[in-house]
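The values are calculated or read from the model by the stated rules, or taken from the named source; none is laboratory data. Being a predicted model, the structure only gives us computed values, none of them experimental. All Cβ positions, even for glycine, are placed from backbone atoms using ideal geometry, and neighbour counts span all protein chains on display. Each accessible area value is taken on the protein alone, full model and side chains, heavy atoms only, with ligands, DNA and RNA left out. Shrake-Rupley method; radii C 1.70, N 1.55, O 1.52, S 1.80 Å.
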Amino acid sequence: MAKFIDRVVLHVRAGKGGHGCASVHREKFKPLGGPDGGNGGNGGDVILEVDANVHTLLDFHFHPHAKAGNGKPGEGGNRDGKKGGELLLKVPDGTVVLDAHGEVLMDLVGAGNRFVVAKGGRGGLGNAALVSRARKAPGFALLGEEGEAHDVVLELKSVADVGLVGFPSAGKSSLVSVLSAAKPKIADYPFTTLVPNLGVVNAGDTTFTVADVPGLIPGASDGRGLGLDFLRHLERCAVLAHVVDLATLDPGRDPISDIDALEAELAAYKPALHGDVSLGDLAGRPRVVILNKVDVPDAEDLADLVTSELQERGWPVFRISAVAHTGLRQLTFALAELVQTYRDAHPAAEPKRPVIRPVPVDNSGFTVRADPDEPGGFIVRGTRPERWVHQTQFDNDEAVGYLADRLARLGVEDELVRLGAQPGAPVTIGEVTFDWEPQITAGADIVPTGRGTDIRLEQTDRVSAAERKHASRVRRGLLDEESGE
């Protein structure tokens, strides 16, 4: 038997971007072919999409890890790498996406609605795309970026028009089975229903869905019993129907007290969603009272006693017997009328369009602050600086010089000088820490040297490791300082 899963933790990882290619065109009689390295392909996105044919999160329960395809590296001959394949995950209508801290990221309502839960990494530029007036033939390329990785929570809030609430064994599942073609499990003991049951009901020209929400007892809104796990399935119901058991043998219960107890739980429960797709607090929904099991002895007399009091509250009251199939037609058309009234006042939700928020023109894109763990050090934070560092081949001096030029044009060098950074100060960008050299003329026109080299990185007054080793050997008398032997 298929399990009903309405809450899962999903581990998603987008694809990594492919590396750019550093290549020079080589052909007979064309000694100056020029750079022709292609760009790497972008990594694939992980996308959630609402599918009307999916009704549970069961697939994600057994397969909680989702990874999109990686982009392919660029090649010579100006051939760009292939993009990574996107991963499209089908989710039921009414799925809410939350981050690890419980913040709502997206409410997926409406068939076809999409949400990019993890964006793929950008592909690195090849050396053909890095040609400039100063760099005629770059001897490096940019590395591809890592794709986003997140742990998200998917919660399913059933999209039903009518929600049936009531004490255990009140006859909710039996009512669903006779109003629709659904065949839920039915038995004569409490908490038979452990998952919400949905059924489709036809009443003339109106078709609507009805949901049986299990486990509602006093204290459900505080986590008692099963109610807290399933109360969220009532958030999208346009109409709430109290199913009252007229044949209960519990001496401490009666129809009015049952309804009052559940009304208190509905009022105490606060829906997590507010906005254009939420219907507000449960306490404000239209109500219908269904007095079930009128076929048992003395049930009609009990119904006569409570009907007038319930009608004074402004709630329609219907007497039915799910077993004897009495009173069902009147109930069905009354529910259909309430549902149609709601639909006329609330058009169907349409897929949301993506919102593009441009970055302000005065946004520098980075911040510099003192490093609390490194005396005299600094930490640079910002999307662009950190992305540039991830794209850099640090075993290539020309690539490092290109990074220094980009940081200088952004204003990182000037900000470090303003904050009093000293030569050799450790500066951390992303996961990389390097010694700051203010005498490097970053951003200025460079003198072309060999491919993969940058002459500016050799112009430093700091003593290198080789020079320190040589001086140590001279002090110990192992070398003659004048002859070097």
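Give just the number: which of (1) under 32 Å from the mean Cα position of the chain (by Cα); (2) modelled with pLDDT of 85 or more; (3) in a loop (DSSP other than H, G, I, E, B) does Leu105 not satisfy?
If we test Leu105 against (1) under 32 Å from the mean Cα position of the chain (by Cα); (2) modelled with pLDDT of 85 or more; (3) in a loop (DSSP other than H, G, I, E, B), just (3) comes out false.
Has the range 30-39 got any residue that is at positive phi and either loosely packed, with under 15 Cβ neighbours inside 10 Å or not in a strand (DSSP E or B) (or both)? Steps first, answer last, please.
Of all residues in the range 30-39, those at positive phi come to 34.
From what's left, either loosely packed, with under 15 Cβ neighbours inside 10 Å or not in a strand (DSSP E or B) (or both): 34.
Among the residues of the range 30-39, at least one is at positive phi and either loosely packed, with under 15 Cβ neighbours inside 10 Å or not in a strand (DSSP E or B) (or both), which makes the answer yes.
Can you go through Val306, Val339, Val289 and tell me which one is closer than 12 Å to His242 by Cβ, of a type outside the set (Asp, Glu) and part of a helix (DSSP H, G or I)?
Numbers: Val339 fails: closer than 12 Å to His242 by Cβ; Val289 fails: part of a helix (DSSP H, G or I).
Exactly one of Val306, Val339, Val289 is closer than 12 Å to His242 by Cβ, of a type outside the set (Asp, Glu) and part of a helix (DSSP H, G or I), namely Val306.
Among the residues of the range 57-100, count how many are of a type in the set (S, T, N, Q), open to solvent by 70 Å² or more (accessible area, probe 1.4 Å) and either on the phi > 0 side of the Ramachandran plot or not in a loop (DSSP other than H, G, I, E, B) (or both). Please lay out each step first, then the result.
First, pick out the residues of the range 57-100 that are of a type in the set (S, T, N, Q): 70, 78, 95.
Now drop any that are not open to solvent by 70 Å² or more (accessible area, probe 1.4 Å), which leaves 70, 78.
Pick out the ones that are also either on the phi > 0 side of the Ramachandran plot or not in a loop (DSSP other than H, G, I, E, B) (or both) and you get 78.
Going through the range 57-100 one residue at a time, the tally reaches 1.
Looking at (1) farther than 17 Å from Asp45 by Cβ; (2) touching a Leu at 6+ places or on another chain (Cβ under 7 Å); (3) of a type in the set (A, V, I, L, M, F, W, C), find the lone condition where Phe62 falls short.
Here Phe62 clears every test but (2).
Can you tell me which residue within the range 290-310, out of those that are closer than 21 Å to Val178 by Cα, at pLDDT below 85 and among the aliphatic types (A, V, I, L, M), is most open to solvent (accessible area, probe 1.4 Å)?
My answer is Val296.
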